[in-house]
Amino acid sequence: MPETDRIARGRWSGWWRAAIPLALLVGIGWLAPRPATITPEGWQLLAIFAATVAGLLLQPLPGGALVLVAVTLTTIWGGLTIEQALSGYANESVWLVMAAFFISRALIKTGLARRIALGFVRWFGRTSLGVCYALSLSDMVLASIIPSNAARSGGVILPIVRSVAELYGSQPGPTAALLGSFLMTAVYQSICVTAAMFLTGQASNPMAAQIATESFGYRVDWMSWFTAGIVPGLCSLALVPLLVYRLNRPEIRRTPEAAAFATRELRAMGPISRAEWLVLAVFLSVCGGWMTTRWHHLDITVTALMGACALLVTGVLSWEDVKNERAAWDIFIWYGGLLMLGKALNAAGVTTEFAKAVGHAFGGAGWVTLLAIALPVYFYSHYAYASITAHILAMYSPFLAVLAAQGAPMGLAVYAFACYTNLAAGLTHYGTTPGPMYFAHGYVSLGRWWKVGAAVSVLNLAIWSSVGFAWWKFLGIW
């Protein structure tokens, strides 16, 4: 294709991506009839919100830039003051994510995260299935404090997956089936499970917790999410690799060289350094602080900030490290803005009116029937999303509102929809940020990736809707 044609096509694609959010903004804000129960300002906020969600899906601008435009629009057209528009950036959940990112930077910078992953491979990596379990458990440990699944799964786990595959001559193409195809699909499906197990498992989980707390009065903290997710999560981590093993069986079953590779890499890293010991101490202290919040009543954000400050004071992290944590500052912009938008919509009564309308449409259906319909609809709608954040932003609050209006136990709805959003990311190769990173290595065809994702989705739904619901009943969540 000539270069001029390529440039023109790129411009057309950019205009098309921008046209749909703009059409939603104008169509809802100016052309669509406004229900009498919603104020003009609330209706305008809904138009901005819908355009923002569409923009996050289509990406005419980077997510942070798009949300900054939306925040500005709320002061010009949405009836908010500048203080209200910027209030999301003072939210404690935003700063929890920021502090966790800084701690994760230290884990990766010092090599401790890689050392943990290699340690698991050395202990359990003598078979292809064992390598998958080792890397899945590594990601689970790191998910307890690293909120970026791209950083831990893409930056730490993925290079080890590729290295182990190449040890056995498994490259993209004819030799992919030797080992690499299995590892890429199985490990990716496992990291979607670990994202569902922790409040810090993925960057937008705290947003779901904040929505549950502020909009529905159901408090979610690190320990309560961990307690809810640990049993169904471990069941999924045990069974998902077995299912993928049957669907995408590797030709190489025994992998003693993987354990030897991990041993060599650990030996090359040398003994644990002073910086790694300090990071380990902070890691354990912060996780311990999060687990015991109900005893000492110190907010989990304060605990995380104390950990980040300790790393700065000891010199493990420099201020340059903090400034260069681009992913954290990007999340700061879009996360704070989205929290504010969701809170403003709820305050304007838009979510409540939506719930009433849906509840009326279902007539006399009880909450059990409604939940049985809503959960799979919510789960499989992720085929339309390239972002867990966009999915939560668009559908989490409205679905909770509908269930709440029908009398469903709030805890059951909160954890079900929050955890299922993460699990649904395994459906496609674009369901969450690490998806394209794994798929781009070329070990797995698109058809096989989607086939595995569909099969695993059924298994995860079965586990979390049976073991998970029973466990949550035992805990008194519902």
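The values are calculated or read from the model by the stated rules, or taken from the named source; none is laboratory data. Just so you know, these numbers come straight off a predicted model, no measurement behind them. Reconstructed Cβ throughout: ideal geometry from the backbone, glycine too, with neighbour counts over all protein chains shown. When the accessible area is computed, the model is the full protein with side chains, heavy atoms only, and any ligands, DNA or RNA have been set aside. Shrake-Rupley method; radii C 1.70, N 1.55, O 1.52, S 1.80 Å.
Can you give the helix-only mean residue ellipticity at 222 nm for the chain, where every DSSP H stretch with n ≥ 4 adds -39500 (n - 2.57) and the sum goes over all residues, rounded to the nearest 500 deg cm²/dmol?
Theoretical 222 nm ellipticity from helices: -22500 deg cm²/dmol.
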Quick one: which residues, 5+ away or cross-chain, put their amide H under 5 Å from the amide H of Thr127? H built at 1.01 Å from N.
Thr255
Relative contact order of the chain, please, whole-number percent, based on alpha carbon pairs below 8 angstrom and at least 6 residues apart.
22
How would Phe417, Phe354 rank on accessible area, largest to smallest, probe 1.4 Å?
Phe354, Phe417
Can you work out the FRET efficiency for the pair Leu22 and Leu86, with r the C-beta to C-beta distance and R0 = 22 Å, to the nearest 0.05?
0.35
The chain - accessible surface per residue (Å², probe 1.4 Å):
40
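If you take the Cα Rg of the chain and divide it by 2.2 N^0.38 Å, with N the number of residues, what do you get? List each step's numbers first, then the result.
Working: Rg = 22.7 Å, N = 478, 2.2 N^0.38 = 22.9 Å.
So the chain has a normalised radius of gyration of 0.99.
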Computed over the chain: longest principal axis from alpha-carbon atoms vs helix 180-197 long axis, angle to nearest 10 degrees, is 50
Give me the percent of accessible area attributable to carbon and sulfur for the chain, probe 1.4 angstrom.
67
Loop-only check: which trypsin sites (Lys or Arg not before Pro) in the stretch 215-271 are DSSP coil with at most 13 other Cβ within 10 angstrom?
Arg219, Arg253
Lys and Arg at +1, Asp and Glu at -1: neighbours of Leu107 with Cβ under 14 Å from its Cβ sum to +1
Using unit Cβ charges (K, R positive; D, E negative) and no other charged atoms, how large, in debye to the nearest 20, is the dipole of the stretch 261-410 about its Cα centre?
180
About its Cα centre, what dipole magnitude does the chain give when the only charges are +1 on Lys and Arg Cβ and -1 on Asp and Glu Cβ, stated in debye to the nearest 20?
1120
